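All remarks here apply to the structure that follows.
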Amino acid sequence: MRRAALALALCLAFAGCSNHAIRLDDFEDAKVNIDRPREVKSETCGVMVSFIPFRMRSQLIRASQDLKRSANGGVLTNIRVQESWYWLVLADLLCTEIRATAYPRVP
């Protein structure tokens, strides 16, 4: 019984640590104003408490959605992703930061 509970806990922990693949670029055939670049960034975090993940699977998706909102419909280029782990007393914190250059679209 103990082994089954431990195996279940490990499976849930590993399932919560997986991430989704996403596409960040959106500049296919877009016309942009290269004279007005702007740096945009977004950061989101997830927490792991005793091998139980909270909001870790969706943090890359949340960060990319926030980045696109801050670009105000602009075209994102030069995208950089950085992940950082922080140890807290009772948990681990995983933060994902995305930085990009946003160019405004030309109609």
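Every number in this text was worked out from the coordinates using simple rules, so none of it is lab data. Since this is a predicted model, take the numbers as computed values, not measurements. Here the Cβ is made from the backbone with ideal geometry for all residues, glycine too, and neighbour counts use every protein chain on show.
A few notes on this one:
- Length gained when the stretch Arg3-Arg55 is fully extended (0.36 nm per residue, less Cα-Cα span): 16.1 nm
- The label point for Arg36 and the one for Glu97, both projected 7 Å from the Cα toward the Cβ, are 2.7 nm apart.
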